[in-house]
Amino acid sequence: MRAYARLVARADGRGGTVLAELRGETPLLLRQTPGSGRAVTVYVVGGAAGPLAGDDLRLEIDVGPGAAVRVHTVAASVALPGRPDVVSRMAVRAVVHDGGALHWLPEQLVAAAGCAHLAESRVELAAGARLTWRDEVICGRYGEAPGGAVVHTRVDYDGRPLLRQSLAVGPGAPGWAGPAVLGGAPATGSLLVVDPSIPHETAAVEGTLARLPLAGGPATLWTATAADAHTLRDHLDVEVEPLLTKVE
Amino acid sequence: MRPDTVVPTAAPTAGRNPAPHDETVPHTHPEPGVDPHPPLAQAGRALRVGIGGPVGSGKTALVAALCRAFAGELRLGVVTNDIYTTEDADFLKRAGVLDPSRIRAVETGCCPHTAIRDDIGANLDAVDELAEAVGPLDLVLVESGGDNLTATFSRGLVDRQIFVVDVAGGDKVPRKGGPGVTSADLLVINKTDLAPMVGADLAVMDRDARARRGDLPTVFLSIVGDPAAGRVADWIRHELAHHAAVHPIAAPVGPA
Amino acid sequence: MATSSLLLLLADGRFPAGAHAHSGGLEAAVAAGRVTDLVTLEAFLAGRLATAGLVGAAFAAAAHRAVTSAGSAVRGSTLALLDAELDARTAAPALRTVSRRQGRALLRAGRAIWPEASFDDLPSTPGGAHQPLVLGLLCAAAGLSRAETAAVAAHGTVTGAASAAVRLLGLDPYQVQALLVGLASRCDGTAAEAARAADEPPERLPAAAAPLADIHAEAHATWEVRLFAS
Ligand SMILES: Nc1nc2c(ncn2[C@@H]2O[C@H](COP(=O)(O)OP(=O)(O)O)[C@@H](O)[C@H]2O)c(=O)[nH]1
Ligand SMILES: [Mg+2]
């Protein structure tokens, strides 16, 4: 299935945010949920049964100056096999303008056995924009070896490259489960926080969680591996909650 | 060029007495007839002196002694190729011999000899970094990681090298030879205070060193007895004077 | 081939660019108990080749391309962009520092060996340019092709870690060589992929990530006592 969805957020002039555009199509439907504060919250619904091989899903997000958006998904997306030799794709393209904030906090991507999935995100941040961007990959459903999944993230800040990373798991990715990449951990993820108001931090490591200040802008990447999805979320959540409550 | 062929560039002046040492210990004079403390001419870049030798022979102790000897006299930097432990740093701090910012440690990937001989970039970087951070410097001491008797410094890294052995290993070490013993610009036979305890015959060591080294100088030392390693410091002063003559300040300045 | 001796010289671990002091993340993986024997070493090398190996080789090839086929006017800006793109692919500050440090060591060798070659197009980033960029220029100065440049880079990422394993784990050196022989065609494949990728614009160059490499590198950088610089 092919589906296209688009979300455009603008400041409402009274310190809040309005959705100037919110449209989607099955299986990529967007729902605004009521909330308080400056940010609007949007859920991506209908992702539970896929994506299946052959699906081609595209989501565009545009956050205007002074607007703030949180995006969640209602459930983990389980990438499943479909027709042989066909991949499933989920492409997110986001633009955040000066003074805008995007918090992309979806549930995990589960790479089920036999899947062939490509998640591609491309984010452009203007100078002064803020971003929270979470990616979590679970390698297979319980006790299962995963199919192939690639999570590719490309973020620019103020026209400069900030983060490029492409995590590949599964049979097509040599050594992915080995000691150089995941070390047998079935869950891995990262949380990118871009916020010009946060003072520069130093790198730190605790167990298999690392805080990594990036070179290309006011940004920190938390990266972790874990034995399961809950532990992974614990790692990354510790860092995310204070950020969200700070402003919105 | 060997020290005994060097014409001193500065006129001998009256200096302080060399640090006390045990006159019963045989030794050769690094620079017979030259007063050890001429005023030093300044060079365009630091003189780099490598200090090599087996583990435990007293290289770090010698570095500390030289820091003491040159305190207030020379602008000094130190590069170590040892596994860097707080114990070492604490040792130098306790000894009060050198500001920690003047010490750089180089990791050698289990190949201490490679880092000072075959692939010297990391040590050269460390020397450059010292010059940038706390320079200009007169003297940089590069201590090798403890190795066996075959490790020597590349001429691309150091201008002069000192090889340190001790008497505790027995009096056969000079006889065994090896590139460090035979060709170092200065051989230091350390821990002479222990000679009676280990039954090492210093006269034998002296004779063997002469046989191995020809005219190259050898110094017997006990850092316990001479905490400023006077004779080694004197030799370095002499080398510095020569270095200043061949690398005058006006000359194009290379990396320190 | 006229350049084969130069290719061998540049790929030789004895080329004086400081390789002996780097374990390519292996020392930390060994300390974490993740690499203990030949089997885990092989998995380590395969993963490293597919991630850091591919990225490094692609950037070496792209830098080679920038100085051999780009006009001299854009060389500097292309290399500066490649440097920033590689920064964006190196999330761990410890790995950025190491890459720049290795770049400096290589540049020192390059300037001494090819004094007539122009290394001045490299960006004057604090700490020096990233190692793959310097390698690309060095290989170009030696007259190597882009494919050979990528091969030198990919080869270096596995052989450096393999020889560190021999030193750290006391593994049988014959068996480690046999393991490298077994990885050779995969290494060639990675180099070929990297050389092809170099035609892409810098933002599309490979970005293969390895979470543990980042995590291990930062842990390693805090150690009080270590044998390897990385
Ligand atoms: N008795 C005695 N001990 C010494 C002398 N010089 C050094 N040592 C001791 O020998 C040990 C090893 O010295 P160190 O400088 O660390 O050796 P390195 O491995 O060559 O750097 C230390 O315990 C020193 O205190 C000396 O002249 N006499
Ligand atoms: Mg020592």
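Filtering region B:101-116 down to residues that are without any contact (Cβ under 8 Å) to a residue 40 or more places away in the chain, within 14 Å of chain C (Cβ to nearest Cβ) and over 19 Å from C:V98 (Cβ atoms), which residue is nearest to ligand 1 (Cβ to nearest atom)? Quick ask: steps written out before the conclusion?
Quick first cut of region B:101-116, residues without any contact (Cβ under 8 Å) to a residue 40 or more places away in the chain only: B:101-115.
Next, only the ones that are within 14 Å of chain C (Cβ to nearest Cβ) stay: B:104-115.
Going one step further and asking which of them are over 19 Å from C:V98 (Cβ atoms), we end up with B:112-113.
Details: B:P112: 11, B:H113: 14 Å.
So, considering only residues that are without any contact (Cβ under 8 Å) to a residue 40 or more places away in the chain, within 14 Å of chain C (Cβ to nearest Cβ) and over 19 Å from C:V98 (Cβ atoms), the one nearest to ligand 1 (Cβ to nearest atom) is B:P112.
When you scan region A:135-145, do you find a residue that is among the charged types (D, E, K, R), closer than 14 Å to A:A224 by Cβ and within 13 Å of the chain's Cα centre (by Cα), even just one?
yes
Can you list residue pairs whose Cβ atoms sit under 6 Å apart, with the first residue in region B:164-175 being of a type in the set (V, I, T) and the second being assigned to a strand (DSSP E or B)? Count only pairs 6 or more apart in sequence or on different chains.
Listed by first residue and then by second, the contacts come to B:V164/B:V188; B:V164/B:N190; B:V165/B:I189; B:V173/B:V165.
Please pick out the residue among A:A127, A:A94 that is touching a residue at least 24 places away in the same chain (Cβ under 8 Å), part of a loop (DSSP other than H, G, I, E, B) and not charged (D, E, K, R).
Testing whether each residue is touching a residue at least 24 places away in the same chain (Cβ under 8 Å), part of a loop (DSSP other than H, G, I, E, B) and not charged (D, E, K, R) leaves just A:A127.
Of all residues in region B:75-92 being near ligand 2 (Cβ under 10 Å from one of its atoms) and at pLDDT 75 or above, which is surrounded by the most Cβ atoms within 10 Å (Cβ to Cβ)?
Per the stated criteria, the residue is B:N81.
Tally time: how many residues in region A:207-227 are more than 9 Å from chain C (Cβ to nearest Cβ) and free of Cβ contacts under 8 Å to residues at least 60 places away in the same chain?
Selection size over region A:207-227: 4.
Could you grab me the full set of residues in region C:119-149 that are more than 18 Å from C:V98 (Cα to Cα) and free of Cβ contacts under 8 Å to residues at least 24 places away in the same chain?
Here is the first cut: in region C:119-149, the residues more than 18 Å from C:V98 (Cα to Cα) are C:119-121, C:137-149.
C:F119, C:D120, listed by residue number.
Could you check region B:132-230 for strands (runs of 3 or more DSSP E) lying wholly inside it with 1 or more residues that are under 18 Å from B:P112 (Cβ atoms) and within 16 Å of ligand 1 (Cβ to nearest atom)?
B:139-143, B:160-166
Would you say C:A165 is of a type in the set (G, A, S) and within 14 Å of chain A (Cβ to nearest Cβ)?
So C:A165 fits the description; yes.
Take the conditions under 17 Å from the mean Cα position of the chain (by Cα) and under 22 Å from A:A180 (Cβ atoms) and apply them to C:R101. Does it pass?
Working: under 17 Å from the mean Cα position of the chain (by Cα): yes; under 22 Å from A:A180 (Cβ atoms): yes.
Yes, satisfied.
Name the residues in region A:167-197 that are in contact (Cβ under 8 Å) with a residue 40 or more places away in the chain, facing another protein chain (nearest Cβ under 7 Å) and small (G, A, S), would you?
Once the filter is applied, which keeps residues that are in contact (Cβ under 8 Å) with a residue 40 or more places away in the chain, facing another protein chain (nearest Cβ under 7 Å) and small (G, A, S), region A:167-197 yields only A:G183.
Would you mention how many residues in region A:176-201 are part of a loop (DSSP other than H, G, I, E, B) and under 21 Å from C:L86 (Cβ atoms)?
3
The values are calculated or read from the model by the stated rules, or taken from the named source; none is laboratory data. Quick caveat: nothing in here was measured; it's all calculated off a predicted structure. Note: ideal-geometry Cβ built from the backbone for every residue, glycine included; neighbour counts use all protein chains shown.
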